[in-house]
Amino acid sequence: MGERVKRRRGRSGSPAAARPGGAAPDPRAAATRLALAAAVVLALAATAGAADAAQARPARIVTASSVALRSAPRTTGTLLRRLDLGTHLEVLGSTRGGWIRVRAGRTLGWIAAAHTARLDRRNPAEAFRPVVARLTDDPGRLDFARLAALERALVASRPARGEDPALELLRLEVVGAAASRVERRVPRNPDRARWVRAHQGEIMYYESGGTWQRDPRAVWRLWERNRASQVAEEIAWQASRPAGVECEDDTGCWLRTAWESRGRYLRLYKRGAHAAAALADLHQQARIAAGYACDGPDARAPDARLIADIRRAAQATRSTAARPLLADLDRIERACRGHAGPPG
């Protein structure tokens, strides 16, 4: 005794297909879904096309601080916003009397061309290098907020894949400049405190000077990752910059600091582009060390192996610039003859 299966007839009288819910498919709903899917695909394609078009347009960066973006190509144009140093600009093609029409984020306006530089997306470091170089020429010209904004612009310029060592070296330079503006070990300002936490491993606090500085180990790690690149020597030179260590009257400390900084560069690039400058910096620190060398009957002599290492590195350069350094090492050895070496 089977049960009868009941069928519902549609308005046309034909039997509807049996469905779990008992309802027949609505052709209008299916058409609506197809139209929505097509609209989504077209929107995604348009977005990708717009992004590709933006990438194809010329780009520039802002090379000064607080530059005006105006509604018209003249100084009387309405001020739309102020742009930070390093801000990316999309050039929209129009130029007029030294002004360029650009897009900065979502804002369209005019900017004085003199305050911008061309940005090659394949080599962004070229545009940023002169901007960052001004920090060395005038360390006090930018406050913390502007330096942090410049670092963000450098981060925004990173390639989608891989690492641009030249760009990353510039970023670490800016990080060091920003760190020097942080006023205490635990900043009271919440923004600076967050920035310090975000940059652990790239900055370090020097108790002797009470200042934050770039951690040279972060730059040496960059060198390790890119030792075969064209900018490897420049990275090593930046990494070997003497840190703010206070040695007071400790001759051995002065020599160790010199050997671990410029001495490391000289070991890697004994005839490098900065070899003469490295010898000059080593000489400066050795001269200070010689002034304190074994000053007093109980003073200890610096490690003889350390002096020998510095001497060998200086002689390997075969440069006349090594002579003052070698002379100071001789002075230290003469002054410390008969004194005991460092403990341990």
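The values are calculated or read from the model by the stated rules, or taken from the named source; none is laboratory data. Here the structure is a predicted model, which means the values were calculated and not measured. Please note: Cβ atoms are built from the backbone with ideal geometry, for glycine as well, and neighbour counts cover all protein chains shown.
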Screening 182, 132, 175 for residues that are hydrophobic (A, V, I, L, M, F, W, C), assigned to a loop (DSSP other than H, G, I, E, B), surrounded by 14 or more Cβ atoms within 10 Å (Cβ to Cβ) and without any contact (Cβ under 8 Å) to a residue 60 or more places away in the chain leaves only 182
Selection from the stretch 220-251 of residues touching a helix residue (DSSP H, G or I) at 6+ places or on another chain (Cβ under 7 Å), surrounded by fewer than 21 Cβ atoms within 10 Å (Cβ to Cβ) and small (Gly, Ala, Ser) yields 229, 232, 243
Here the qualifying pairs (Cβ atoms under 6 Å; residues six or more apart or on different chains; first in the stretch 190-217 and over 19 Å from residue 240 (Cα atoms); second modelled with pLDDT of 95 or more and among the aromatic types (Phe, Trp, Tyr)) come out as none
Per the filter on the stretch 150-164, residues part of a helix (DSSP H, G or I) and buried (at least 20 other Cβ atoms within 10 Å of the Cβ) are 150, 151, 153, 154
Quiz item: Is it the case that residue 286 is over 37 Å from the mean Cα position of the chain (by Cα) and either part of a helix (DSSP H, G or I) or of a type in the set (A, V, I, L, M) (or both)?
Solution: no
Residue count, the stretch 185-211, condition in a strand (DSSP E or B) and under 15 Å from the mean Cα position of the chain (by Cα), comes to 2
By residue number, the members of the stretch 244-262 that are among the small types (Gly, Ala, Ser), out of contact with any Pro (no Cβ under 6 Å at 6 or more places or on another chain) and not in a helix (DSSP H, G or I) are 244
Residue within the stretch 212-228 that is part of a loop (DSSP other than H, G, I, E, B) and farther than 26 Å from residue 317 by Cα present = yes
Of the conditions (1) closer than 29 Å to residue 291 by Cα; (2) modelled with pLDDT of 95 or more; (3) among the basic types (Lys, Arg), the single one that residue 256 does not satisfy is (2)
The number of residues in the stretch 101-129 that are within 20 Å of residue 172 (Cα to Cα) and either surrounded by 17 or more Cβ atoms within 10 Å (Cβ to Cβ) or in contact (Cβ under 8 Å) with a residue 60 or more places away in the chain (or both) is 6
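Which one of 178, 198, 232, 193 is in contact with a His (Cβ under 9 Å, 6 or more places away or on another chain) and aliphatic (A, V, I, L, M)?
178
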For the stretch 289-307, the count of residues that are over 38 Å from the mean Cα position of the chain (by Cα), of a type in the set (Gly, Ala, Ser) and more than 13 Å from residue 343 (Cα to Cα) equals 3
In the set 338, 244, 296, the lone residue that is in contact with a strand residue (DSSP E or B) (Cβ under 6 Å, 6 or more places away or on another chain), small (Gly, Ala, Ser) and at pLDDT below 90 is 244
Within the stretch 212-234, the residues that are within 15 Å of the chain's Cα centre (by Cα) and more than 13 Å from residue 163 (Cβ to Cβ) are 213, 214, 215, 216, 217, 218, 219, 220, 234
